[in-house]
Amino acid sequence: MSRLAVELPDDDPRTAALVEALEAFGARVVHEPVGGRRTLVTGGARSGKSSYAESLLAGAPAVDYVATSERDEGDPEWMARIAAHVARRPAHWRTVETMDVAGVLAADGPPVLVDCLGVWLTRVLDGTGFWADRDAAGPLVRERVDALAAALAASRRTVVLVTNEVGAGIVPADAGGRGFRDWLGVLNATVADVCERVVLCVAGRALDLPATTTAHGLAGGGPA
């Protein structure tokens, strides 16, 4: 059986028609963003990171959208944000609301979009008792971060992950805030190490970051 790689524009309506025609002939069409099968998209608030990540998979015939946030009916503003994200996504995308991102990546299926790792980390910190005892929770957080990175590295699926970029401004006033900032840096660096492409979104512009592995002092532990 022959394999053929062709780059098709996601924003061209003819792309979907061509994919449908190929599948009618029994072809297995694999959607992979330019630059690699694993892409990490990072940026600050309202930087355009989620929209950009979604555009990378716009031409895929099916997508599993992994939403890591937890619904809170008592917070109308948060629920409105979730509703806005849902409304923006293509109707044929399947939404998977779960914390078990590693489990999704381990299963076979269509391309995956994870949004976002910052919210995922917050729930990990909640679940490990981080806010009450940061030292005791550290190894558990490290274990969850490593498990996620290992699942990403081993996954056979095309994966786009969205994360937050924090720590470039004011130092948080409390120890919990500083701990979250530090662990998010650890998470982002660990995931970036197993991605072929890392994109930084700033003011609605996407910037490709160089493929360089830095010595981020993570061996055997977490933030110092």
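The values are calculated or read from the model by the stated rules, or taken from the named source; none is laboratory data. For clarity, every value in this text was computed on a predicted model and none was experimentally measured. As a convention, Cβ positions derive from the backbone with ideal geometry for all residues, glycine included, and neighbour counts pool all protein chains shown. Remember, those area values only see protein heavy atoms, side chains included, never the ligands or the DNA or RNA. Shrake-Rupley method; radii C 1.70, N 1.55, O 1.52, S 1.80 Å.
Condition check for residue 129 on (1) open to solvent by less than 10 Å² (accessible area, probe 1.4 Å); (2) not in a helix (DSSP H, G or I): one failure, at (1). The condition of being surrounded by fewer than 17 Cβ atoms within 10 Å (Cβ to Cβ) and among the hydroxyl-bearing types (Ser, Thr, Tyr) holds for only one of 47, 51, that being 51.
Please tell me if residue 24 is over 17 Å from residue 105 (Cα atoms) and at pLDDT 75 or above. Walk me through it before giving the result.
Details: over 17 Å from residue 105 (Cα atoms): yes; at pLDDT 75 or above: yes.
In short, yes.
A Cβ distance below 9 Å, combined with a sequence gap of six or more or placement on separate chains, defines the contacts here; from the range 110-123, residues that are acidic (Asp, Glu) reach residues that are assigned to a loop (DSSP other than H, G, I, E, B) and crowded, with 22+ Cβ neighbours inside 10 Å in the pairs 115/68.
Restricting the search to the range 76-98, which residues are assigned to a helix (DSSP H, G or I), touching a helix residue (DSSP H, G or I) at 6+ places or on another chain (Cβ under 9 Å) and of a type outside the set (Lys, Arg)?
Quick first cut of the range 76-98, residues assigned to a helix (DSSP H, G or I) only: 76-88.
Adding the requirement that they be touching a helix residue (DSSP H, G or I) at 6+ places or on another chain (Cβ under 9 Å) leaves 85, 88.
Hit for the range 76-98 is 85, nothing else.
Take the conditions (1) modelled with pLDDT of 95 or more; (2) open to solvent by 30 Å² or more (accessible area, probe 1.4 Å); (3) in contact with a Gly (Cβ under 7 Å, 6 or more places away or on another chain); residue 163 misses just one of them, which is (2). The condition of being open to solvent by less than 60 Å² (accessible area, probe 1.4 Å), within 15 Å of the chain's Cα centre (by Cα) and either closer than 28 Å to residue 61 by Cα or modelled with pLDDT of 95 or more (or both) holds for residue 98.
Test residue 138 against the criterion of being outside any helix (DSSP H, G or I) and either among the acidic types (Asp, Glu) or out of contact with any Cys (no Cβ under 9 Å at 6 or more places or on another chain) (or both), and give yes or no. Don't jump to the end; show me each part of the working.
Details: outside any helix (DSSP H, G or I): no; either among the acidic types (Asp, Glu) or out of contact with any Cys (no Cβ under 9 Å at 6 or more places or on another chain) (or both): yes.
Considered against the rule, which asks whether it is outside any helix (DSSP H, G or I) and either among the acidic types (Asp, Glu) or out of contact with any Cys (no Cβ under 9 Å at 6 or more places or on another chain) (or both), residue 138 comes out as no.
Is the range 189-197 home to any residue that is at pLDDT 95 or above, in a strand (DSSP E or B), at negative phi and loosely packed, with under 12 Cβ neighbours inside 10 Å? No, that holds for no residue. Looking only at residues of the range 124-152 that are free of Cβ contacts under 8 Å to residues at least 60 places away in the same chain and within 27 Å of residue 61 (Cβ to Cβ), we find that the one that is farthest from the chain's Cα centre (by Cα) is 151. The residue of the range 133-150 that is farthest from residue 40 (Cα to Cα), among those that are of a type in the set (A, V, I, L, M) and open to solvent by less than 20 Å² (accessible area, probe 1.4 Å), is 137.
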